Structure formats: C-alpha cells, structure tokens
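Only one structure is covered here, and it is reproduced in the block below.
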Amino acid sequence: MKANSKMKVVVVTSYPLIEPVVANRMIPFLNGFLEDGREVHYLCPSSDGKPVSFPHSVRVHEVALSLEKPAGFFGRALKEMKDAFKLLKTARKVDASVYLVTAPSMFLIFLSPLLLLKYKVVLDIRDLSWEYLSDQKVSQRFAKYLFRIIFERALGFFEVVSVTNDTEYKYVSRKMRQRRDVIQVSNGVSQLQFERLSKVEPSQNESMVVSYIGNVGLAQDLSTLVKVAALRPKIKFKIIGAGNDLHRVQELSKRLQLVNVEFVGRVPWEEVIYYYNQSDVLYAQLAPCFSGAMPSKLYEYLATGKHIIYGGGDQAQRILMEFSNYQLVEPCDPYKLVGALDAANKMKVASFISMKDREKVADKYIRENQVIKLRDALRAMEANL
C-alpha cells in the first residue's frame, strides 16, 4: 500500500551535496521514499563545489554554515554542535511527518530529542564517530565516556534506528534502554553502479598498477602507501580522491622524490570506472582506532572482481571473509604491504577477475535491496500517525 502523497519526509545530514560517500548511501533512500509517493526534502550544509546529481523531485534545502575549521578537539566539537543545532532548527521549519537524521555527526543524534521533540524521527547511523576518540588523551577519553552516556539516553527518542554493519548493530542493541526497532541497512553499491563496475576488465599494463580510490583522510593514513612506493619503484601507484590529509601525503611523496606515485585528485564517479579498468590491485586501509568501520569503497572494489589488499580491523575483515580475491595485512605497516604486493605479483592477479565476488555483491550488497527494510519501517510508522 502506498503512503499518502502528502506525507513529508525530511532527511537531515551534516555533509554537503558534494560528498559522494553520503550521496551513494542516501540516493537509494530518496528514490525509495519517492516511489512510495512521499514528498521528500533533503537538508544539508551549503557548499561551493559541484553538487552530486540528486533525484529531481527531492526538495533540497542548503543551510549556510561557517567553513572555519577550528584547531583542537574542543574547538571542532563546539563547531560541530553549533552546526547540528542550526541544521535541526532549520529542518524543524519544514514541519514534516517523519524526519530521518543520518549521522556520522554525533551532535545531530544528541540534539534531535531536544529540537525535534514533537516529531517522529528515524536515526540512520553510518559511523560511531565518538568511539574513535583516543583513550591515550585524558580529555578525549573523558569526552568518549560522556558521549556514550548521552548517546544511550538519546536512543530512546528515536522510533527506528538503522545501522550499516554487525558491529554497529551489536553496539546499538546493547545500549537500548527500551524497545526500539534496530535494522541493519548495509552499505554497498547501487544497481546502476554495480552494472558498470561488473563490466570492468583486466588491465593491459606492462607493470603492476596499484590504486587507492576514495577519501584521503587521517583515518586512511595513505602515507603507508607512499612509503611502499619508495620500496617498490617498479610498481605504479595512483591515489584518486581528496581529503584533509591529502597535502601531508603529497608532501611526503615530494620529500621522497617519488616518480611512481600519481595524485589524480577527486573525479566524478563516471570517470572512476576508467581508473578501475587501469588498475591491477585495489588498496584500502583504516588505521587501528577505526577497526569498527567498514569503508564503503570496499563494496565498489569487490564489485569489480579485482584483487584487493586491505589493511584494517575487525568489521571489514569479517565482511571480506565472505569473498575470495583479497589479502589482509596489518594496517600502517609498509613492510607487510610490500609482502602482499610481492605475493600478488607472483599470483599474477592482474589477469584475474573473480566472478564469484561479483555475484556475492549482487546477492547481498545492492543498496536498493537493502533500503526496502527502512521503507517498510517508515510505512509501519506512518500507519500509526
């Protein structure tokens, strides 16, 4: 049964439209809501860059927020809290039947019970960001303890909580003080992305090409890859993407006078297919303190069927173990990564595409199929409005 055409849904996020990782998760949500006959609004910070292409029927509300990036943990936390307050206060003016708050911004979670008190609110958790705070720094350890308490108390406010993986599901389920629906809406690739990625072919390279495609941030610590490039000068390395750690990684490459590392920068998703075709090995990494996360880029990698080398922890390892064409290495260890690359060379992975890995992605990790769970939850909520 279709939802009432007048039923409004407002999606609130702390990331601007130029961020492809957010768009990749949210566009299947938005399309699903539209198919159910809802009036869909999307509220996010404004940006100067070129926005991703959203469904035309979605009404986008961009909120002007300061681009200032304060130094220090508390300065950044205060700004994020102010931004979340402004986003939620603006969202409230739309006066929707249902709100969907999607977070890695913890303050959107913490402030929703205060600013959206009169409404039905769904929480979509894409990251347990407070859990990545350092236990080695007293201030961050205290903040993590405080944020855990606030999160646990806030959870009871939300009608439904969706998460992306097993680690998040177990974490949220343990924290629940009262009965609430927790559903796992796994990340993955859209049907359209899969159709293009599954047509990627082996490269015709004379020497191995190793590519990283994604965000270049502190969590990824791509200095590991650059150090490996110095140890294996005959291998070509491509870094496709941008982020807050890009400058540091580029400077390291310059200091080492490397000629086998190419920084491509951020490119539209349609152009990324070219780099997948040119790659022999796809590399990704998350530093140890991010072990509970699953990089969404890995689903794209898996859909190509090409060989993957991943340095990282628990959650991603558990998902990768469902597949076959990969190697796991210790994160942030250049010598372990060198060993994996040497092994990949011996295995002649450049000429191999795993059709079984592609089939597994098609079976379990197509986003549109995952979103059905959330659509069903919203229908049940709306039936009680």
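The values are calculated or read from the model by the stated rules, or taken from the named source; none is laboratory data. All values derive from a computational prediction rather than experimental measurement. In this analysis, Cβ positions are derived from the backbone assuming ideal geometry, glycine residues included, and neighbour counts consider all displayed protein chains. For the accessible areas, the whole protein counts, side chains as well, though only heavy atoms, and no ligand, DNA or RNA atoms are used. Shrake-Rupley method; radii C 1.70, N 1.55, O 1.52, S 1.80 Å.
Key figures
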quantity	calculated
Segment 317-353 residues near the modelled GLN278 label - backbone nitrogen below 19 Å, point 7 Å along Cα→Cβ	350-351
Long-range HN-HN contacts of SER105 with modeled amide H, under 5 Å	SER14
Within segment 5-37, backbone nitrogen closer than 14 Å to the virtual label 7 Å beyond the Cα of TRP269 toward Cβ	17-32
The chain: most fluctuating residue of VAL264, VAL228, VAL163 per GNM, C-alpha cutoff 10 Å	VAL264
Check: segment 140-280 dipole with +1 on Lys, Arg Cβ and -1 on Asp, Glu Cβ, in debye	820
GNM result for the chain, Cα springs below 10 Å: residue of GLY305, GLY32, GLY339 fluctuating most strongly	GLY339
Among ARG255, ARG148, ARG367: highest mean-square fluctuation, GNM of the chain, C-alpha pairs under 10 Å	ARG255
Cα-based reach from LYS360 at 21 Å (exclusive), listing lysines while leaving out same-chain residues under 8 positions away	LYS199, LYS297, LYS306, LYS373
Segment 99-165, Rg to Rh (Cα coordinates; Rh as Kirkwood inverse mean 1/r)	1.00
Three-way shape call for segment 286-334 based on the alpha-carbon gyration tensor, with the a/c threshold at 1.5	prolate
Cβ-based net charge around SER14, under 9 Å, with every Lys or Arg adding one and every Asp or Glu removing one	-2
Under 13 Å between alpha carbons - lysine pairs in segment 1-132 that sit 8 or more apart or on different chains	6
Average accessible surface area per residue within segment 221-363, 1.4 Å rolling probe, Å²	45
Surface share of carbon and sulfur [accessible, 1.4 angstrom probe, percent] for segment 297-385	52
MRE, 222 nm, helices only [DSSP H, n ≥ 4, -39500 (n - 2.57), over the chain, to nearest 500]	-13500 deg cm²/dmol
Shape of segment 111-210, Cα gyration tensor, a/c cut at 1.5	oblate
Unit charges on C-beta of K, R, D, E only; dipole of segment 90-182, Debye	340
Accessible surface of segment 1-148 [probe 1.4 Å, protein heavy atoms]: carbon and sulfur percent	56
